[in-house]
Amino acid sequence: MNKRNKTLVLLLFFMTHDFMTHDLYSPIHMHPLTIDTHCDILYTTAKKEDRDLKRLSTRDHQWSIPLAKKGGMCLKVCAIYTTEWRKKPGECLQVGARIAGIFRRILAKYPRDVVHVTDSRQIRETHRRGKLGLLLSIEGPECIEGDLDILRAFAAVGVRIFGLAWNPANPLATGCAGNPRTKLTHLGREALKA
């Protein structure tokens with residue numbers, strides 16, 4: 001390594017060290033929150049059977065409450081996924097509503113362990129109390145059937161993350177399997193305002 005590279009490495013070390021120890025950032029590094037931004041437990045429960053989330057299991061690559069606690073997890077984002085049910089009109093909405101009901105059933109079944117959270121303050125408070133926060137999301141907009149009032153209804157029951165596109169193109173946006181020039185549609189832009 002030449003002298004210039006050594007100087008650069010040392011400069012980066014000191015810059016990083018200064019950044020990591022700055023009073024503004026050190027609380028973040030001293031007390032990190034572990035968050036899983038995607039969980040398919042609602043989808044697999046809708047397709048198969050009710051799961052015992054208290055059993056220590058990794059079946060079907062899913063999670064359990066004991067595993068989440070053991071890993072220091074404070075938040076799980078639980079997705080409403082209905083893309084594969086888009087064969088008949090209204091079917092995605094029906095499945096999406098059913099999956100939202102499964103989410104409510106999980107909250108009712110494990111009140112000592114999980115809490116529905118909808119904002120950052122609730123996430124921190126739930127973590128402080130030693131519980132696991134569950135945040136409801138929609139993965140792919142098929143379940144709103146192109147109707148922004150349905151999107152607002154999902155928001156009213158606690159959905160806080162909404163994916164405009166999954167793989168296929170849809171009335172709101174192009175997914176990774178669609179034409180990249182299509183991008184966001186007029187309805188997609190209206191959804192951002194909803």
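Throughout, read-outs are computed from the coordinates displayed, never taken from laboratory work. Small disclaimer: the values here were computed from a predicted structure and weren't measured. Here the Cβ positions follow ideal geometry from the backbone for every residue, glycine too, while neighbour counts run over all protein chains shown.
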query = Once amide H atoms are placed 1.01 Å from N in the peptide plane, what residues at a sequence separation of 5 or more from ASN170, or on another chain, have their amide H within under 5 Å of its amide H?
reply = GLY175
request  = Give the calculated FRET efficiency between ILE150 and ALA177 to the nearest 0.05, with a Förster radius of 25 Å applied to their Cβ-Cβ distance.
outcome  = 0.60
query = What are the residues whose amide H is under 5 Å from the amide H of THR182, where those residues sit 5 or more places off or on another chain and H is modelled from the backbone?
reply = none
remark   = Two pseudo-spin positions, 7 Å from Cα along C-beta at GLU91 and at ARG121, lie apart in nanometres by 4.3
note = Along principal axes, largest first, the alpha-carbon spread of the range 36-194 in whole Å comes out as 44, 34, 26
task = Give me the Kirkwood hydrodynamic radius of the range 84-147, using the inverse of the mean 1/r over all pairs of distinct Cα atoms, in Å to one decimal.
result = 13.3
task = Take each of the peptides 36-44, 81-89, average the number of other beta-carbon atoms within 10 Å over its residues, and list them starting from the highest.
result = 36-44, 81-89
key: Reachable lysines from LYS54, criterion Cα separation under 17 angstrom, eight or more residues apart if same chain   = LYS69, LYS70, LYS76, LYS109, LYS131
Amide H contacts under 5 Å for VAL159, placed H, 5+ residues apart = none
request  = Starting at the first residue of the range 74-86, write each ³J(HN,Hα) from the Karplus equation 6.51 cos²θ - 1.76 cosθ + 1.60 with θ = phi - 60°, in whole Hz, x for Gly and Pro.
outcome  = 10, 8, 10, 8, 9, 8, 8, 10, 10, 3, 6, 9, 8
task = Give the calculated FRET efficiency between ASN167 and ARG129 to the nearest 0.05, with a Förster radius of 45 Å applied to their Cβ-Cβ distance.
result = 0.75
